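S.K.: Sending over a structure as structure tokens; questions will come in a sec.
The values are calculated or read from the model by the stated rules, or taken from the named source; none is laboratory data. This structure is a prediction, so every number in the text was calculated from the model and none was measured. Note that each Cβ is placed from the backbone with ideal geometry, even for glycine, and that neighbours are counted across all protein chains shown. Ligands, DNA and RNA are stripped out before the accessible areas are found, and what is left, the full protein with its side chains, is counted by its heavy atoms. Shrake-Rupley method; radii C 1.70, N 1.55, O 1.52, S 1.80 Å.
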Amino acid sequence: MNAPVAPVTGATPAAITPPARRLSNGVMGCYGFGAAAYGVKDAGFGTFLLLFYNQVVGVPAATVGFVVMIALIVDAFVDPTVGFLSDRTRSRWGRRHPWLYGAVLPIMLGWVALWNPPIGASETLILLWLFVVAVLVRSAVSAYEVPGQAMAAELSADYDERTRIMSYRYLFGWLGGLTILVSAYVYFLAATPEYPNGLLNPAGYGGFAIAGALLMGGAILTSAIGTHREIPRLPKPEIERQTLSQNLRDIAETVKNRAFATLMVAGICAYTGQGIIYAISNYLASFVWGFKGMTFLYYSIALFAGVAVAFVIAPRAGRRGSKPLTAAIASITSAVIGTTPYWLRLAGWFPSPGDQWMLPLVFLFAGISTAFSVTAYILGASMLADVVEDSEARTGRRSEGVFFAGGFFVQKCTSGIGIFATGLILAAAGFPAKAVPGQVAIPTLDRLTLIFCCCYLLFYGLAALFYARFPFGRGEHEARLARLAATGVLDSEPREPFA
């Protein structure tokens with residue numbers, strides 16, 4: 001455990017810690033609903049992007065994965081820059097809201113462009129289009145999501161309320177993803193006589209893009225407007241003018257925090273595992289389990305049922321036990337349950353496609369696995385919010401934006417490293433381009449599922465290991481708040497917006 005630490009000598013004393021309060025359901029709902037925008041982006045990048053550019057446009061899967069992976073290099077600079085600048089923004093709308101409002105239009109336009117590449121152009125031009133537009137979309141999402149996530153640590157300093165805040169955010173994030181998945185499977189990419197597997201229908205992706213853009217824009221505006229009245233209650237630390245070198249030193253000092261580093265490693269493992277699951281899910285559903293038409297909808301509902309369970313149990317688990325230990329147990333349990341159907345299939349003990357028990361069992365295992373994995377994610381995000389006060393006690397600065405920029409960059413591994421790894425998995429399994437369900441050789445499907453299961457267990461197991469090594473819990477957090485209150489930086493009253 002971390003020992004008590006006094007603020008760094010010379011640190012700015014005006015850093016304000018928010019009150020430990022319970023939020024109204026209205027504020028909580030509006031704040032959480034904003035995550036639907038990221039859910040749409042995550043579902044699109046994680047579930048459809050590789051399939052679209054590989055099976056519909058015709059670009060090799062490994063090449064698509066590599067391009068998306070390279071885009072992460074840009075994110076490595078964009079995310080911390082946005083976080084740092086939002087921490088230092090001063091306006092009548094506070095530190096975060098100008099970023100929320102400003103991100104709406106770029107996100108919507110970039111999303112539509114992503115799904116409308118220049119069909120018929122050379123492969124090089126299509127890959128360049130993918131790279132540029134992917135960077136645009138992800139940078140615009142960063143401009144919203146990093147300040148938006150940072151607000152979670154500003155709305156309340158209460159140890160348990162932060163878990164509740166994050167549970168709302170994950171619930172609506174998954175609801176946004178589910179909404180766009182259902183609209184795709186049931187309407188935009190539904191089966192037709194020409195395309196029995198509607199996911200391969202090029203015409204459906206245009207409407208899919210417009211629907212996603214509208215949903216993302218509406219979610220962000222709802223969140224920004226619904227939390228606007230909270231601006232006077234958010235921390236208003238003094239911001240000193242500094243040179244570039246001083247700013248870089250502050251960032252370096254901030255991210256050296258041990259608790260932050262532990263969560264980042266855990267997050268890289270967990271979200272890379274999730275990214276592989278997302279990117280390969282349509283391949284497994286279509287080619288291994290033989291999903292068609294409405295089956296995709298029922299599968300999505302089963303996943304969301306798991307999220308709803310996590311929404312209920314994560315705050316309770318956080319109150320009754322240790323956040324780090326509970327997150328670790330939830331992570332490894334999710335991997336064991338999630339891979340069970342594939343191990344049983346390889347052993348010949350699982351119902352085959354067409355058997356009346358196959359779909360219910362696949363849905364059951366997927367729903368339970370999702371409940372455990374989302375519980376781990378919620379607790380991990382709640383722990384990241386607690387890191388803010390640990391850092392404040394050590395440096396005298398509140399750096400919510402920098403910390404949540406790191407957390408958000410890790411989440412992007414879902415669509416970056418995850419898609420790249422899935423491309424490698426498909427290549428290693430010898431999976432063919434433009435494959436037809438029911439016509440892929442069984443040995444190929446066996447290799448695909450075996451490699452997938454090993455990666456699933458590896459990444460989630462590593463995530464569990466590092467969650468368990470998080471260095472503090474409830475007692476240390478509450479003692480830290482008491483020390484901050486004693487120094488006069490724990491806030492309890494509303495304040496006027498910045499002039």
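S.K.: Report, ordered by chain and residue number, the lysines lying within cross-link reach of residue 292, taken as a straight Cα distance under 19 Å and ignoring same-chain residues fewer than 8 apart.
M.R.: Qualifying lysines at Cα under 19 Å: 434.
S.K.: Could you pull out every whole DSSP H run in the chain that spans at least 15 Å of Cα extent along its own axis and averages 0.5 or higher on the Kyte-Doolittle scale?
M.R.: Correct list, ordered by number: 61-87, 97-114, 123-155, 204-226, 258-283, 295-320, 323-346, 358-395, 400-411, 417-429, 442-467.
S.K.: Which value in Å does the Kirkwood hydrodynamic radius of segment 253-358 take, with 1/r averaged over all unlike C-alpha pairs and then inverted?
M.R.: 16.5 Å
S.K.: Could you check how much of the accessible area of segment 96-167 is carbon and sulfur, as a whole percent, using a 1.4 Å probe?
M.R.: After summing per-atom areas, the C and S share lands at 76 percent.
S.K.: Any lysines with Cα under 22 Å of the residue 323 Cα? List them, leaving off those in the same chain fewer than 8 positions away.
M.R.: Leaving aside lysines fewer than 8 places away in the same chain, those within reach of residue 323 are 256.
S.K.: Separate question: Restricting attention to segment 295-330, which trypsin sites (Lys or Arg not before Pro) occupy a DSSP loop and are surrounded by at most 10 other Cβ atoms within 10 Å?
M.R.: Sparse-neighbourhood loop trypsin sites (Lys or Arg not before Pro): none present.
S.K.: Of all the stretches in the chain, which is the longest one without any exposed loop site, taking GluC sites (Glu not before Pro) in a DSSP loop (any state but H, G, I, E, B) with at most 14 other Cβ atoms within 10 Å?
M.R.: 241-499
S.K.: Continuing with this model, one more query. Rounded to the nearest Å, what's the spacing between the alpha carbon centres of segment 286-321 and segment 42-94? Just the number, please.
M.R.: After rounding, the separation between the Cα centres reads 25 Å.
S.K.: Once you order the gyration tensor axes a ≥ b ≥ c over the Cα atoms, which shape class does segment 258-313 get: rounded for a/c under 1.5, otherwise prolate or oblate by comparing a/b with b/c?
M.R.: Note, shape of segment 258-313 comes out oblate.
S.K.: Keeping all protein chains in place, calculate the accessible area per residue for the chain (probe 1.4 angstrom), answer in Å².
M.R.: 38 Å²
S.K.: So how many Å³ per residue does the convex hull of the Cα atoms of the chain work out to?
M.R.: 132 Å³
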